[in-house]
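Student: Quick one: the structure is below, and I'll ask about it shortly.
The values are calculated or read from the model by the stated rules, or taken from the named source; none is laboratory data. In this text the structure is predicted, and so the values were computed from the model without any measurement. Here Cβ is always computed from backbone atoms with ideal geometry, including for glycine, and neighbour counts include all displayed protein chains.
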Amino acid sequence: MLKDKKILVTGGTGQVARPVAEALAEHNEVWCLGRFGTPGVEQELIEKSITTWQWDMEDTSGNALKGVPEDFTHVIHSAVLRGDDGDCNASAEINAVATGRLMTHCRTAESFLYVSTGALYARQTLNHAYTETDPVDAVADWLPAYPVGKLATEGAVRAFARVLGLPTTIARLNIAYGPGGYGGVPMLYFRQMLAGEHIAVPMEGQNWFSPLHTDDLVAQVPRLWEAASDPATLVNWGGDESVGVTDCLRHLSELTGVPAKLVRSPVTRETYRFDPALRRALTGPCAVSWQDGIRSTLQAHFPQHVRQLVNV
């Protein structure tokens, strides 16, 4: 883990960047930029010795970063305008411009890490192991503007890395999960299970993903910074193991006794299986198996349900 560095984190209240910020704050000066809309979250970060700063990606004045120091050694940019309203033009404009301004502001940094998404890849077979060279199309029926904004921002990141000479890594994230935050997508599914809701699965087969536990994610960030280069390094950021979503739902049921009601649908929350070879070469292997990770995450968020099964 890094020591005595000055680190800037965006999206520091989220599932990905918050545990990174909190871990790094033990031995470094860490700043978190964001809107801090959730009551109490900013104070929680401050109590972890993190400096907070109000930053709105949608601020088009050009003054959004005024007053923010420029001497950060490392940056992880995880903040995103998801585009929940479906406006692809706005998603592309806001995310790309805000990121370009951020990179320019932090142009003297040793390393810049941009958190992108595997949802960019052009869909192939459900169990295809995507590599960094696979084609992209930024199509996601479940949230159309999100991958469009990410792909546009990847273009901006590549350009600013070259223009500024800023060593950069673009990490296309798979599904991050763990005890912190809301727990990640597996816990979203479990909440649906508790509510008795139907969960959409493909008409045939199952979606696959490469889950990345928080412990592994935090441990890998310094390695991804080390891998930064000009032109930007591109890497898929997921776990070592591939898991079928339906298999994961059944595992949740086995651990808790809560049934998963599956319904076949042409539209699902699409996920992607990654080939981990390049990431493993950069960061080393993961330490947390997906079964252990799911259990520990359930125990953090829904201990009463896990204990009911374990104590039988």
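Student: In the set Pro144, Pro135, which member is at pLDDT below 95 and not hydroxyl-bearing (Ser, Thr, Tyr)? Break it down into steps so the answer makes sense when it comes.
Tutor: On the way: Pro135 fails: at pLDDT below 95.
Testing whether each residue is at pLDDT below 95 and not hydroxyl-bearing (Ser, Thr, Tyr) leaves just Pro144.
Student: Answer yes if at least one residue in segment 272-283 is in contact with a Phe, Trp or Tyr (Cβ under 8 Å, 6 or more places away or on another chain), modelled with pLDDT of 95 or more, closer than 30 Å to Leu164 by Cβ and part of a helix (DSSP H, G or I), and no otherwise.
Tutor: Yes, segment 272-283 contains at least one residue that is in contact with a Phe, Trp or Tyr (Cβ under 8 Å, 6 or more places away or on another chain), modelled with pLDDT of 95 or more, closer than 30 Å to Leu164 by Cβ and part of a helix (DSSP H, G or I).
Student: Can you report the number of residues in segment 37-58 which are in contact with a helix residue (DSSP H, G or I) (Cβ under 8 Å, 6 or more places away or on another chain) and surrounded by 14 or more Cβ atoms within 10 Å (Cβ to Cβ)?
Tutor: Selection size over segment 37-58: 5.
Student: Quick check on my filter: what residues within segment 6-20 are under 15 Å from Trp55 (Cα atoms) and of a type in the set (S, T, N, Q)?
Tutor: Of the residues in segment 6-20, the ones under 15 Å from Trp55 (Cα atoms) are 8-14.
Residues satisfying the conditions are Thr10, Thr13.
Student: Quick check, is Leu278 closer than 15 Å to Thr131 by Cβ, touching a Ser or Thr at 6+ places or on another chain (Cβ under 8 Å) and either surrounded by fewer than 12 Cβ atoms within 10 Å (Cβ to Cβ) or of a type in the set (A, V, I, L, M) (or both)?
Tutor: So Leu278 passes the test.
Student: Please work out which one of (1) at pLDDT 95 or above; (2) of a type in the set (A, V, I, L, M, F, W, C); (3) not assigned by TED's automatic domain parsing to the domain that holds Asp215 is the condition Ala228 fails and give its number.
Tutor: For Ala228, the failing item is (3).
Student: What are the pairs, 6+ residues apart or on separate chains, where a residue within segment 133-152 that is in contact (Cβ under 8 Å) with a residue 12 or more places away in the chain has its Cβ under 7 Å from a residue that is surrounded by fewer than 14 Cβ atoms within 10 Å (Cβ to Cβ) and not small (Gly, Ala, Ser)?
Tutor: The qualifying pairs are Asp141/Val267; Trp142/Val267; Leu143/Arg82; Tyr146/Arg82.
Student: Can you say whether Leu166 is closer than 22 Å to Gly11 by Cα, outside the structural domain of Glu254 (by TED's automatic domain parsing) and modelled with pLDDT of 95 or more, as far as the supplied structure shows? Reasoning before the result, please.
Tutor: Working: closer than 22 Å to Gly11 by Cα: yes; outside the structural domain of Glu254 (by TED's automatic domain parsing): yes; modelled with pLDDT of 95 or more: yes.
Against the criterion (closer than 22 Å to Gly11 by Cα, outside the structural domain of Glu254 (by TED's automatic domain parsing) and modelled with pLDDT of 95 or more), Leu166 qualifies.
Student: Asp85 fails exactly one of the following numbered conditions: (1) free of Cβ contacts under 8 Å to residues at least 40 places away in the same chain; (2) surrounded by fewer than 18 Cβ atoms within 10 Å (Cβ to Cβ); (3) more than 21 Å from Leu164 (Cβ to Cβ). What is the number of that condition?
Tutor: So Asp85 meets the others, but not (1).
Student: Quick check on my filter: what residues within segment 84-113 are of a type in the set (D, E, K, R) and outside any loop (DSSP other than H, G, I, E, B)?
Tutor: Correct list: Glu93, Arg101.
Student: Right, next: Out of everything in segment 61-82 that is polar (S, T, N, Q) and out of contact with any helix residue (DSSP H, G or I) (no Cβ under 8 Å at 6 or more places or on another chain), what residue ends up being surrounded by the fewest Cβ atoms within 10 Å (Cβ to Cβ)?
Tutor: If we filter segment 61-82 for residues that are polar (S, T, N, Q), which is where we start, we get 61, 63, 73, 78.
Adding the requirement that they be out of contact with any helix residue (DSSP H, G or I) (no Cβ under 8 Å at 6 or more places or on another chain) leaves 61, 63, 73.
Values: Ser61: 7, Asn63: 9, Thr73: 18.
Filtering segment 61-82 for residues that are polar (S, T, N, Q) and out of contact with any helix residue (DSSP H, G or I) (no Cβ under 8 Å at 6 or more places or on another chain), the one surrounded by the fewest Cβ atoms within 10 Å (Cβ to Cβ) comes out as Ser61.
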